[in-house]
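Structure record follows, encoded as structure tokens.
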Amino acid sequence: MKNGLPVDDLCGIESLAGDIFGRTVYGSPFEHEFMLGFDDTIIHSAGPGDVFRYGIRYEVLKDGGLLRKTRPTSSREETMFRFARAKRIMGVSWWNMNCHRTMDFVAGVPTAPPWLLE
């Protein structure tokens with residue numbers, strides 16, 4: 001147990017539910033972000049045509065690539081905050097919020113409104 005959460009091993013990286021990871025497939029310039037859940041689950045927006053949803057680890061690990069922890073959780077409270085935020089956007093289309101924007105929202109990162117990014 002660490003920070004009140006069970007410690008897991010994700011491909012050799014010590015991890016906790018609520019940690020956000022990035023995975024880059026070899027040869028791709030894009031990193032896919034997902035949040036680690038409990039019991040081999042993940043929460044992510046898989047890509048165009050999909051929605052923000054629960055999945056299984058195999059979905060993001062099957063193609064191999066480079067894996068890194070991008071936003072570790074610091075406490076059980078932060079993990080619960082992230083799960084509550086994730087629940088609010090379940091089913092949102094990838095076209096409205098890609099994997100990076102969903103993880104920004106889940107982690108509580110303030111982002112600029114879309115009209116300021118143009």
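If you check Pro110 against the conditions, is it without any contact (Cβ under 8 Å) to a residue 40 or more places away in the chain, exposed (fewer than 15 other Cβ atoms within 10 Å of the Cβ) and farther than 22 Å from Cys11 by Cβ? Full working, then the answer.
Details: without any contact (Cβ under 8 Å) to a residue 40 or more places away in the chain: yes; exposed (fewer than 15 other Cβ atoms within 10 Å of the Cβ): yes; farther than 22 Å from Cys11 by Cβ: yes.
Answer is yes for this residue.
Conditions (1) closer than 19 Å to Glu14 by Cα; (2) modelled with pLDDT of 95 or more; (3) surrounded by 14 or more Cβ atoms within 10 Å (Cβ to Cβ), marked per residue:
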position: Phe83; (1), (2), (3): no, yes, yes
position: Asn98; (1), (2), (3): no, no, yes
position: Asp104; (1), (2), (3): no, no, yes
position: Leu116; (1), (2), (3): no, no, no
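Restricting to region 65-79, what's the tally of residues that are in contact with a strand residue (DSSP E or B) (Cβ under 9 Å, 6 or more places away or on another chain) and either assigned to a loop (DSSP other than H, G, I, E, B) or of a type in the set (Val, Ile, Thr) (or both)?
Kept after step one, since they are in contact with a strand residue (DSSP E or B) (Cβ under 9 Å, 6 or more places away or on another chain), are these residues of region 65-79: 65-73, 75-76, 79.
Checking the rest, the ones that are also either assigned to a loop (DSSP other than H, G, I, E, B) or of a type in the set (Val, Ile, Thr) (or both) come to 65, 70, 72-73, 75, 79.
Of the residues in that region, 6 qualify.
Any idea which residue in region 32-65 is surrounded by the most Cβ atoms within 10 Å (Cβ to Cβ), counting only those that are among the acidic types (Asp, Glu) and in contact (Cβ under 8 Å) with a residue 12 or more places away in the chain?
Initial filter on region 32-65 (among the acidic types (Asp, Glu)): 33, 39-40, 50, 59, 63.
Filter once more, keeping what is in contact (Cβ under 8 Å) with a residue 12 or more places away in the chain: 33, 40, 50, 59, 63.
Values: Glu33: 22, Asp40: 12, Asp50: 14, Glu59: 14, Asp63: 11.
In this case the residue turns out to be Glu33.
Kindly provide the set of residues from region 66-79 that are out of contact with any Ser or Thr (no Cβ under 7 Å at 6 or more places or on another chain) and touching a residue at least 24 places away in the same chain (Cβ under 8 Å), ordered by number. Spell out how you get there, then give the answer.
Taking region 66-79 first, the residues out of contact with any Ser or Thr (no Cβ under 7 Å at 6 or more places or on another chain) are 67-68, 70-72, 74-78.
Once the filter is applied, which keeps residues that are out of contact with any Ser or Thr (no Cβ under 7 Å at 6 or more places or on another chain) and touching a residue at least 24 places away in the same chain (Cβ under 8 Å), region 66-79 yields Leu67, Arg68, Thr70, Arg71, Pro72, Ser74, Ser75, Arg76, Glu78.
Do you know which residues across region 1-29 are farther than 16 Å from Glu59 by Cβ, assigned to a loop (DSSP other than H, G, I, E, B) and touching a strand residue (DSSP E or B) at 6+ places or on another chain (Cβ under 7 Å)?
Listed by number, the residues that qualify are Val7, Leu16, Ala17, Gly18, Asp19.
Which one is nearest to the chain's Cα centre (by Cα), of the residues in region 52-72 that are β-branched (Val, Ile, Thr) and at pLDDT 95 or above?
Step one: filter region 52-72 for residues β-branched (Val, Ile, Thr), giving 56, 60, 70.
Now narrow it down to the ones that are at pLDDT 95 or above: 56, 70.
Numbers: Ile56: 12, Thr70: 9 Å.
Selected residue: Thr70.
The values are calculated or read from the model by the stated rules, or taken from the named source; none is laboratory data. As the structure is a computational prediction, the values presented were derived from the model and not from experiment. Positions of Cβ are generated from backbone atoms using ideal geometry, with glycine treated the same way; all protein chains shown enter the neighbour counts.
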